[in-house]
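**Student:** Provided herewith is a single structure, encoded as structure tokens, for subsequent inquiry.
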Amino acid sequence: MDSTMRTETNCETPTPPGPPAIEFTGVSAGFGRKPVLRGLDLMVGKGEVFALLGANGAGKTTTINILTTLLRPDSGRVRVSGVDVLEHPDEARRCFAVTGQSAAVDHCLSTAENLMLLARLSGLSRREAKARTVQLAERLSLGSFIDARVGTLSGGMRRRLDLALSLVVPVDVLILDEPTTGLDTRSRRELWAEVSQLSSEGTTVFLTTQYLEEADALADRIGLLHDGRLAGLGTPHELKARVGEDTVAVRDRDGNALAEVPTDGTVRGISAVLGSLDPDYAEAAVTLHRPSLDDVFLSFTSNDEVRPRQKPVG
């Protein structure tokens, strides 16, 4: 994980104080006889980056569609920046912008023309639209491609343009539905940097993603959807701590496990583990395994209860 994106602490990180930027209260939804969301309760604080994870079919897209007024739930209430999404959908839409799973750009127009068109449709004057186009092109490193037809741009550049279009009119909440799907590693990390910058400026980011590394790098808090409910909620550090401790793994030259001993991850703790090992393991390989979001995801979405934490050595 890139440590410049987010700093982990050992402290509990509650929802930031003040009115929530996003609030789901008792939200249920289904299709026919198949329930998708079962009484979802969730609050996202202002300026927070919140990642919603879940297996395919867990309800992530349904949650996004309800939040963005595209789908009415069967029951419950949803608010964005204090505005009831169901009672005042037009007002709610002015509070957020959405970047979907595929770039919503006109491939026949240039980068500048896409930005100018949306700016004008959003009510900006021609002068304001031009200034905003230049500003966003510089911010998202699109300046060299400002006059290029979008159909000639790489996937990463089109996603940058899609994000720029979401920012034409400043909003309180930015909703990103799997924004880096299909991008290469460099393009993904560049987009992460832009999301982190937006958050530092006070924008609330609600993110769904298939990439656990992405959630680990960006999110202040993570929610895990399973069977229509939040199975887990907390900071990446808190969630990892709930599924296990750091472990010293000892393997022979063929990679076979000889021993796995929990530790607190400190030099003293690891030294205590090494000192307790069988002398016959002197030529074995030793690695330190730390719980990852993969472990968290599998634990919360595969079992009804989280595995108990083991007592560390040292």
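Only the coordinates and a few stated rules stand behind these numbers; no lab work does. Note that the structure is a prediction, hence the values are computed from the model and not measured. Here the Cβ is made from the backbone with ideal geometry for all residues, glycine too, and neighbour counts use every protein chain on show.
**Student:** Name the shape class, rounded, prolate or oblate, that the alpha-carbon gyration tensor gives for segment 29-88, where a ≥ b ≥ c are the square roots of its eigenvalues, rounded holds for a/c under 1.5, and otherwise prolate holds if a/b is larger than b/c and oblate otherwise.
**Tutor:** Values: a/c = 2.16, a/b = 1.24, b/c = 1.74.
In terms of gyration-tensor shape, oblate.
**Student:** Moving on to the next point. Across the chain, how many lysine pairs, 8 or more apart or on two chains, come within less than 30 Å at their alpha-carbon atoms?
**Tutor:** For the chain, the number of qualifying lysine pairs is 6.
**Student:** Give me the number: length gained by fully extending R72 to D184, i.e. 0.36 nm times residue separation minus the C-alpha to C-alpha distance, one decimal in nm.
**Tutor:** Residue separation times 0.36 nm, minus the Cα-Cα distance, leaves 36.8 nm.
**Student:** While we're here: So for the chain: antiparallel DSSP bridges make up what percent, rounded to the nearest 5?
**Tutor:** So the antiparallel bridges amount to about 60 percent of the total.
**Student:** Moving on to the next point. What does the highest-first list of 156-164, 124-132, 74-82 look like by mean Cβ count within 10 Å?
**Tutor:** Taking the mean over residues of other Cβ atoms within 10 Å, the ranking is 156-164, 74-82, 124-132.
**Student:** Would you mind putting 166-179, 197-210 in packing order, based on average other-beta-carbon counts within 10 Å, highest first? Intermediate values should be presented prior to the final figure.
**Tutor:** Values: 166-179: 20.5, 197-210: 18.4.
Going from most to least packed, we get 166-179, 197-210.
**Student:** Taking Rg and Dmax of the Cα atoms in Å as the quantity of interest, determine which of (1) 22.7, 77; (2) 19.0, 61; (3) 24.1, 98 was computed from the displayed structure.
**Tutor:** (1)
**Student:** Separation between the R149 and A104 pseudo-spin-labels, each 7 Å from Cα along Cα→Cβ, expressed in nm?
**Tutor:** 2.4 nm
**Student:** Turning to a different aspect of this structure: Compute the distance in nm between two label points, each set 7 Å from the Cα along the Cα-to-Cβ direction, one at S302 and one at V169.
**Tutor:** 4.6 nm
**Student:** Work out the FRET efficiency for S28 and R93 from their Cβ-Cβ distance, taking R0 = 25 Å, and round it to the nearest 0.05.
**Tutor:** Using R0 = 25 Å, I get an efficiency of 0.65.
**Student:** Using amide H atoms built in the peptide plane, which far-off residues or other-chain residues are under 5 Å from K46 H to H?
**Tutor:** A21
**Student:** Further question: Run the quick spin-label model on L86 and E113: label points 7 Å from Cα toward the beta carbon, then report their separation in nm to one decimal.
**Tutor:** It works out to 4.3 nm between the two label points.
**Student:** May I pose another question? Pairs of Cα atoms under 8 Å, at least six residues apart: use those to get the relative contact order of the chain, whole percent.
**Tutor:** Rounded, it is 20 percent for the chain.
**Student:** Under the definition of Cα pairs under 8 Å and six or more residues apart, what whole-number percent is the relative contact order of segment 57-187?
**Tutor:** For segment 57-187, the relative contact order is 32 percent.
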